[in-house]
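Working notes, beginning with the structure itself.
The values are calculated or read from the model by the stated rules, or taken from the named source; none is laboratory data. Keep in mind the model is a prediction, meaning the values are calculated, not measured. All Cβ positions, even for glycine, are placed from backbone atoms using ideal geometry, and neighbour counts span all protein chains on display.
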Amino acid sequence: MAYPDEVARVSLLWSANQDDWPNELAVNTFWVYHRHYTGNGWDWSQAPQEIADDIAQKLVTHWSAISGTVGSGYQIHAVKCAKVDAAGKDEYVGEHSVSGGTLAGTGSSGVLPPEVACCLSLWGYSPGSFVTRPGTKRGRMYLPYIPQTACDSHGKVSTGYASDVLTGWGAFLNDVQGMHVGTSQAANDADYTRVVVVSKASATWTQVGLLTVDNHFDSQRRRQHQAPATRSSTPLNHAE
């Protein structure tokens with residue numbers, strides 16, 4: 001088992017409203033594949049920084065359509081890109097720091113608990129169709145810091161919120177799809193990226209062609225917050 005060549009992991013690093021959830025962190029990850037044309041200038045030792053810079057700019061471009069799906073006071077503070085080797089270890093890393101407030105949420109009425117997430121699924125095939133090893137062709141981004149307004153009266157993801165997530169994140173990821181990178185020697189031979197699902201089990205990548213959002217909230221059990229709990233209590237009588 002090994003990771004395929006020419007893929008890089010992109011991580012969106014979030015920070016929480018420090019008054020509400022101090023030290024709470026979240027990370028969203030997706031993968032890109034680099035399509036290289038022979039003769040173009042390309043150096044993986046420098047490329048992750050360029051990719052991180054370009055993706056951060058595309059987030060800024062599309063943020064107005066995303067910001068309402070994130071609670072106010074929560075934001076992306078950095079974009080990281082890592083070229084991985086066959087074992088999945090970082091070979092080359094680039095990181096773009098985002099100035100405070102640039103990629104901040106504007107969702108109102110507070111947020112659901114940090115462990116509650118909205119699952120954005122990235123599909124490399126059409127759901128319901130037959131493909132071999134379907135588990136290697138689907139990725140997931142567990143979007144954090146969900147505004148309370150995302151929850152409908154039945155405790156499910158509202159159709160309006162799901163639509164907003166697909167519109168905003170779809171436009172962003174579609175812009176990353178085909179993003180030109182590196183130094184091109186000819187206008188029609190520019191290097192570009194593809195948004196992909198990567199499988200170590202099969203050492204393959206599959207280009208993402210569809211995004212979906214379920215109407216059930218998901219749980220990120222590994223996401224832990226460091227804020228101490230405030231206890232409420234009531235005494236019980238010691239009856240004899």
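If you scan region 15-57, which residues turn out to be small (Gly, Ala, Ser) and in contact (Cβ under 8 Å) with a residue 60 or more places away in the chain?
15, 16, 26, 39, 41, 47
Confirm whether residue 174 is out of contact with any Gly (no Cβ under 6 Å at 6 or more places or on another chain), of a type in the set (S, T, N, Q), in a helix (DSSP H, G or I) and modelled with pLDDT of 95 or more.
It is true that residue 174 is out of contact with any Gly (no Cβ under 6 Å at 6 or more places or on another chain), of a type in the set (S, T, N, Q), in a helix (DSSP H, G or I) and modelled with pLDDT of 95 or more.
Residues being touching a residue at least 40 places away in the same chain (Cβ under 8 Å) and over 18 Å from residue 9 (Cβ atoms): count how many of those fall in region 122-134.
Residues in region 122-134 being touching a residue at least 40 places away in the same chain (Cβ under 8 Å) and over 18 Å from residue 9 (Cβ atoms): 5 in total.
State yes or no: is residue 8 buried (at least 19 other Cβ atoms within 10 Å of the Cβ) and over 21 Å from residue 204 (Cα atoms)?
No.
Does residue 29 count as closer than 17 Å to residue 182 by Cα and either at pLDDT below 95 or out of contact with any Gly (no Cβ under 8 Å at 6 or more places or on another chain) (or both)?
Judged against the criteria, residue 29 is not a match.
Can you say whether residue 162 is outside any loop (DSSP other than H, G, I, E, B), more than 22 Å from residue 10 (Cα to Cα) and among the hydrophobic types (A, V, I, L, M, F, W, C), as far as the supplied structure shows?
Yes.
Answer yes or no as to whether residue 178 is closer than 17 Å to residue 110 by Cα, loosely packed, with under 13 Cβ neighbours inside 10 Å and not charged (D, E, K, R).
Considered against the rule, which asks whether it is closer than 17 Å to residue 110 by Cα, loosely packed, with under 13 Cβ neighbours inside 10 Å and not charged (D, E, K, R), residue 178 comes out as no.
For region 18-118, which strands (runs of 3 or more DSSP E) that fit wholly inside it have 1 or more residues that are under 29 Å from residue 203 (Cβ atoms) and among the basic types (Lys, Arg)?
Answer list for region 18-118: 25-35, 75-84.
Among the numbered criteria (1) β-branched (Val, Ile, Thr); (2) surrounded by 14 or more Cβ atoms within 10 Å (Cβ to Cβ); (3) modelled with pLDDT of 95 or more, which one does residue 51 miss?
If we test residue 51 against (1) β-branched (Val, Ile, Thr); (2) surrounded by 14 or more Cβ atoms within 10 Å (Cβ to Cβ); (3) modelled with pLDDT of 95 or more, just (3) comes out false.
I'm trying to understand the selection: among the residues of region 23-66, which are among the aliphatic types (A, V, I, L, M) and closer than 12 Å to residue 11 by Cα?
Of everything in region 23-66, those that are among the aliphatic types (A, V, I, L, M) and closer than 12 Å to residue 11 by Cα turn out to be 26, 27, 32, 51, 52, 55, 56.
Would you point out which residue out of 103, 210, 166 is among the hydrophobic types (A, V, I, L, M, F, W, C), buried (at least 16 other Cβ atoms within 10 Å of the Cβ) and modelled with pLDDT of 90 or more?
103
Scan (1) more than 30 Å from residue 4 (Cβ to Cβ); (2) touching a strand residue (DSSP E or B) at 6+ places or on another chain (Cβ under 8 Å); (3) surrounded by fewer than 19 Cβ atoms within 10 Å (Cβ to Cβ); (4) among the β-branched types (Val, Ile, Thr) for the single condition residue 93 breaks and write down its number.
(1)
Across region 106-148, what is the number of residues that are crowded, with 18+ Cβ neighbours inside 10 Å, over 15 Å from the mean Cα position of the chain (by Cα) and more than 14 Å from residue 219 (Cβ to Cβ)?
Qualifying residue count for the region: 6.
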